[in-house]
1. For the residue pair residue 19 and residue 214, what label-to-label distance in nm results when each label sits 7 Å from Cα along the Cα-to-beta-carbon direction?
2. Give me the extension gain from residue 99 to residue 160: residue separation times 0.36 nm, minus the current Cα-Cα distance, reported in nm with one decimal.
3. Between residue 8 and residue 188, what is the label-to-label distance in nm when each label sits 7 Å out along the Cα-to-Cβ direction?
4. Multiply the residue separation of residue 135 and residue 37 by 0.36 nm, subtract the distance between their alpha-carbon atoms, and state the gained length in nm to one decimal.
5. To the nearest 0.05, what FRET efficiency results for residue 83 and residue 204 with a Förster distance of 41 Å applied to their C-beta separation?
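Laboratory data are not the source of any read-out in this text; all were calculated from the coordinates shown. A quick note: this is a predicted structure, and the numbers were derived from the prediction, not measured. Backbone-built Cβ (ideal geometry, glycine too); neighbour counts: all protein chains shown.
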């Protein structure tokens, strides 16, 4: 039985580069990759500082064995220059369980490739804040988050399904079209960011924002 822990790995990079990131991960033996489209939320001043011309993003969602995390994250950082201004970001989130077949394949591939790598920086200093809210309210959400120290985020379009029971519970109409903003925040700032968003765009406002946070194990590029 292999006890190597599997982590969710999320890479946010300039639009059009995501497929190259997937090719890199597959060459490293990671065969479960998904790409979705996102948009950056940073202000024009921050974009100028980071050297970005546009905010469209590719979001690559993958899985990686814990024993390979340092090797893979440092590898993608070096290959795609994530530490340069505007280069992108990659981070991992712990998973409590995955399908046994996925674990078998990922850990089998790990044994056929080099393992290890230099230690990762910023371990466990960050959390991922997710705000899910009615479409068109992103400025309200991000202005509140930035008051609490957030520098920016990545937005994804979504649509709620099976929301009739929740609608009846809250007692108001729930708009099915949603936006999701993901914000990487210092663990010490996470609570204040969530409180500020809840104050301006929480469930009792027109934005109807629902908030949650997830732990981040490893991070490069911020």
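1. 2.6 nm
2. On the way: separation 61, 0.36 × 61 = 21.96 nm, distance 2.55 nm.
Using 0.36 nm per residue and subtracting the Cα-Cα distance, I get 19.4 nm.
3. Roughly 2.7 nm, to one decimal.
4. Working: separation 98, 0.36 × 98 = 35.28 nm, distance 1.58 nm.
Full-extension gain reported as 33.7 nm.
5. Details: r = 41 Å, r/R0 = 1.00.
Step by step, r from the Cβ atoms, then E = 0.50.
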